[in-house]
Each structure stands twice: as C-alpha cells, then as structure tokens.
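Asks: Here's a structure for you.
The values are calculated or read from the model by the stated rules, or taken from the named source; none is laboratory data. Computed from a predicted structure; not experimentally measured. With ideal geometry, Cβ positions are generated from the backbone for all residues, glycine too; neighbour counts draw on all protein chains shown.
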C-alpha cells in the first residue's frame, strides 16, 4: 500500500464498500435537541426514524471537526511511516476541509518525511464518497501519492452533484433562500434543482413546477451529461423519498445510456439536517465542464418557465407588502394591525396563485412542450 486513504461519514459510503477499498472513515457528530450523537455506519443508521423526527421540528446542529481531531486520525499513519490522502467534503459548504489542512501542516512539522494531501471534492454525500473510492483505486494501481492527488482534483471537477429537495425551508435555514422565496416556493409547489458549482457551493440553477418534473429533470441531466455511463457506477441518495429514488433509478436504467451499476443509499444524518426530508440527489461522472453544463442541459419547460416568471412577480409584490407592513408595525404594534398586515400579504399570494391557475398554457402549447420533450 503506497498511501492511506482517509475520508469521513459525510461521504455516505456503506461500510462494506469502505472496508472493501481499505478506507479509514472519520465520524462526524451532530446534536438533536441538545443530545450529542455520532454518525454510525449507514447500514446501522435508522434513517426512517430520523427523517420522521426531523419533520417534527427538533433543533439539529452539527459540529465542525477541529484540526486537533483530524490530527489524532492522521498521526498514527504518519508514525507508521504511511503517506496519506484525506478526501474531504466541499470546502464551499463546510469548514472541515480547512481544519484538515491545518492538521496536515501540524503533521508536516512533526513528521517532515511524510507526505499528506487534502483533496477538496467540492461535493458531499456520494459526490465525496465516489472520489474516496477512486483514490483507493489509484493507490491500488500503484500511482504515487502526488499523481493520485492530481488525478483526484480532475475527478472531483467531473463529478456531477445535482439534487432537489422536498421542503425549501431547510435550505432557507441554511442561508440558501430568503424568507419570501421559501414561502412563495412552498405555496406554489416550486421545486428547485440545485448543484455543487465549480467552487463547491450549493446553488439553485432551475425551478420546476412540481416534484415529478424535478425528478424527471435529474434523469435528463444524466442522459445528456454522463460520460461513458457503461463504465461507471451512478449514485442516488435519498431522504424519506424512496419511491422517487426508485423511479429515478428506473428512468436511468431504462434510458438510452444505462450505467454499469446504480448505488442507492440513504442520506446520513449530518447532511440531512441541511437538505431535509424529501431530498433526492444524483451523482455521476461527466466532462470537465459538467458543473456548468448542467445549466444548459434540460427539458424545455415552457409552462414552468412562464410559471417561474409569475412566481418572481408574486414574490416581489409580497416582499413589498411585507416590508410596508413591517415599517407600519415598527411605529405602532397593536395586535389588530399585525393581523391585518398578515392578512393582506396572504390574500395577495392567494390571488396570485388563483391567477396562475386560470392562465394555464393552452392545449396546443402543452402538445408542443410534449413534442419538444420527446425530441
């Protein structure tokens, strides 16, 4: 073994795969209503109970691993004379990657002969886990640690991380959406497509009307962007939406470019606390520009695009009304004014929703959309 490969539980890898590939997995920690918990092997994680508990609204927080904690995992390898690669979740969404880099610098001071690299996958879940498996394959092929680290940087850029969610409010709590956007989206059943961008940050790049269209759009991204699908394992990760995950898998298997294999896993608890129950993610290898090409690929959602414009207008109107109501309340705080202000905002939103229902695309427009989709 030329070097040791270390990753963490946010990579969402089943224990049997971690063991098969000789990976060291660092557990992450989380807290539910003040109770300290450790991420277990995904096979031992009671995901259904955890997802149900999240829906009940307990306070869930996570703890970033400190440099000292990383050092405690790295030092035994260095003491044994082993070089190491740590495959990390995206530095764009977590400070853990930076903590690992600090630990590596500490290690190099104490063990100058040992080589250690941190690979920022710019991904999470299997977008991280698949990179860790590739690191092990490169090690087993006899590549030097320098060669492996370079190839893993390229591999990470080509790893597509694309997903949708069941409840926009979880993203809002994580600072991904404004209050107004989360509120409007929930009322109008708008489902975003999100991705890990070139910097490893989570960004929304498309909005679709309804869950089914969002799942269809995930499959369509794979169909257009996967490279050499017959040679790769595709990952599908779900949180409390097994039927959607199964349907996504069937679409990919029965499409024109089926993969060699599909790995289905449940979201582990730390990541679920950010994406929420109903999250459904797809991971596959594409070309060097896959993270930007996702924006260009997609079904031509004419009705959804029109709906999105209406949503934007409704959001702007609601925001203006809400700001006016807040200013009014700052000057005077009677309960009746609060009730009336809230009523005005809600009535405005309901009116916009009814207008959108009355302005559904004509039947000919729907037929044109179906024809475009088939093409």
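Asks: For the stretch 238-260, name all the residues that are surrounded by 15 or more Cβ atoms within 10 Å (Cβ to Cβ), in contact with a helix residue (DSSP H, G or I) (Cβ under 6 Å, 6 or more places away or on another chain) and not in a helix (DSSP H, G or I).
Replies: Result: 238, 239, 240, 255, 259.
Asks: Looking at the stretch 2-71, what strands (runs of 3 or more DSSP E) fall wholly within it and have at least 2 residues that are farther than 17 Å from residue 85 by Cα and either in contact with a helix residue (DSSP H, G or I) (Cβ under 6 Å, 6 or more places away or on another chain) or not assigned by TED's automatic domain parsing to the domain that holds residue 283 (or both)?
Replies: 29-32, 35-38, 60-63
Asks: With the checklist (1) surrounded by 13 or more Cβ atoms within 10 Å (Cβ to Cβ); (2) under 25 Å from residue 66 (Cα atoms) in hand, flag the one item residue 17 doesn't pass.
Replies: Evaluating residue 17 over (1) surrounded by 13 or more Cβ atoms within 10 Å (Cβ to Cβ); (2) under 25 Å from residue 66 (Cα atoms) leaves (2) as the failure.
Asks: I would also like to ask the following. Failed condition for residue 322, given (1) farther than 30 Å from residue 56 by Cα; (2) crowded, with 16+ Cβ neighbours inside 10 Å; (3) modelled with pLDDT under 85, with all others met?
Replies: Result: residue 322 fails condition (1) only.
Asks: Among the residues of the stretch 72-101, how many are over 25 Å from the mean Cα position of the chain (by Cα), in a helix (DSSP H, G or I) and either surrounded by 16 or more Cβ atoms within 10 Å (Cβ to Cβ) or modelled with pLDDT under 95 (or both)?
Replies: Residues that pass the stated criteria total 5.
Asks: Another question, if that's okay. Given (1) surrounded by fewer than 17 Cβ atoms within 10 Å (Cβ to Cβ); (2) farther than 19 Å from residue 263 by Cα, where does residue 46 come up short, assuming only one miss?
Replies: (2)
Asks: Answer with yes or no whether residue 228 is surrounded by fewer than 16 Cβ atoms within 10 Å (Cβ to Cβ), under 14 Å from the mean Cα position of the chain (by Cα) and under 27 Å from residue 132 (Cα atoms).
Replies: Values: surrounded by fewer than 16 Cβ atoms within 10 Å (Cβ to Cβ): yes; under 14 Å from the mean Cα position of the chain (by Cα): no; under 27 Å from residue 132 (Cα atoms): yes.
In short, no.
Asks: For the condition modelled with pLDDT of 90 or more and under 19 Å from the mean Cα position of the chain (by Cα), what is the one hit in 17, 13?
Replies: Answer to the check: 13.
Per-residue answers, yes or no, for (1) at pLDDT 95 or above; (2) outside any helix (DSSP H, G or I); (3) crowded, with 22+ Cβ neighbours inside 10 Å:
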residue: 127; (1), (2), (3): yes, no, yes
residue: 142; (1), (2), (3): yes, yes, no
residue: 160; (1), (2), (3): yes, yes, yes
residue: 169; (1), (2), (3): no, no, no
residue: 187; (1), (2), (3): no, no, no
residue: 195; (1), (2), (3): no, yes, yes
residue: 198; (1), (2), (3): no, yes, no
residue: 203; (1), (2), (3): no, yes, no
